[in-house]
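The values are calculated or read from the model by the stated rules, or taken from the named source; none is laboratory data. As the structure is a computational prediction, the values presented were derived from the model and not from experiment. Cβ coordinates were reconstructed from backbone atoms using ideal geometry, including for glycine residues, and neighbour counts include every protein chain displayed. Each accessible area value is taken on the protein alone, full model and side chains, heavy atoms only, with ligands, DNA and RNA left out. Shrake-Rupley method; radii C 1.70, N 1.55, O 1.52, S 1.80 Å.
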Amino acid sequence: MDEVKTVVSRDGTPIAYARYGAGAADGPAVVLVGGGPRSAAGEAPLARLLSRSCRVFGYDRRGYGGAGCPVEREVEDLAAVLAAAGPGAAVHGSGAGGALALAAAAAGLPVAAVSVFEPSYEGPGAVPEVHARVLVVDGGASPAPVRRAARELSALLPRARHRTLTGQTHEVAPHVLAPVLAEFVADVAEAADAL
C-alpha cells in the first residue's frame, strides 16, 4: 500500500481508504468493495496485484467490527471514495460487495465500469438498472446455483458480459481474478479514451 487517507461521507462519517499503485499513476482507477463490513486489508492481496497496472483504492466499509448500515449510507461512502479516485474510476465487488457496487451504479454514481464476482443476487425482480459496462464473474468450482445466478444476472444487465474462472470457488484466488479484472478495466478505459 502506498498511502492511507480518509474521506468524509455525506453524513459526516470518516471513511479510511488505502491507495495502491503509485507506480501506475497513469493507469485506470479501480475501487474495491469488500464482501462485508471489514477493513480494506481484506482486499490487499488483490489490490497489490492490480496495482501493477491500475491505481487501486480499497476502503473500510462502514460497520467494520460492528453492525452494518443501510445501503444508502454505504452508497454515500462509496461515492466519497470514488471522488478521491477521480473521474473514470471502475468499481469491483465480491459477494455482498458486488451487490453494493451494482446498487451504487444504479443510484447514479459516476462509475466507468462495474466488475462483480459472485454477487448477492435475489433473482430477476432484484436486478438494478445499471447503464455502465459490467463484468459478472463466477468460479467454475462454485455451486451450480451460484454459477447459474451469475449467468442470469449478466443476461439481464444491458451492457454486461460473463466470465467463469475455471477451478475457482467463492474464495477466488487473487492471482486468478486480478488479470481478468485488469483487462476489463483497461478495455473500458481504452474505449473511453477513444471517444
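Residues being open to solvent by less than 10 Å² (accessible area, probe 1.4 Å) and under 15 Å from the mean Cα position of the chain (by Cα): count how many of those fall in the range 151-163.
0
I'd like to check something: does the range 123-139 contain any residue that is over 29 Å from Ala80 (Cα atoms), open to solvent by less than 30 Å² (accessible area, probe 1.4 Å) and in contact with a strand residue (DSSP E or B) (Cβ under 9 Å, 6 or more places away or on another chain)?
yes
Please note which helices (runs of 4 or more DSSP H) are completely contained in the range 34-145 and include at least 2 residues that are over 23 Å from Asp193 (Cα atoms), within 13 Å of the chain's Cα centre (by Cα) and free of Cβ contacts under 8 Å to residues at least 60 places away in the same chain.
Values: elements: 44-50, 71-85, 96-106.
Fully inside the range 34-145 and qualifying: 71-85, 96-106.
Looking at (1) closer than 23 Å to Pro87 by Cβ; (2) touching a Leu at 6+ places or on another chain (Cβ under 9 Å), can you tell me which one Glu190 breaks?
Failing condition for Glu190: (2).
Can you pull out the residues in the range 164-182 that are open to solvent by 100 Å² or more (accessible area, probe 1.4 Å) and either assigned to a helix (DSSP H, G or I) or at pLDDT 95 or above (or both)? Step through it out loud before you land on a result.
Within the range 164-182, the first condition is being open to solvent by 100 Å² or more (accessible area, probe 1.4 Å), and the residues that meet it are 166, 171, 175.
Of everything in the range 164-182, those that are open to solvent by 100 Å² or more (accessible area, probe 1.4 Å) and either assigned to a helix (DSSP H, G or I) or at pLDDT 95 or above (or both) turn out to be Thr166, His175.
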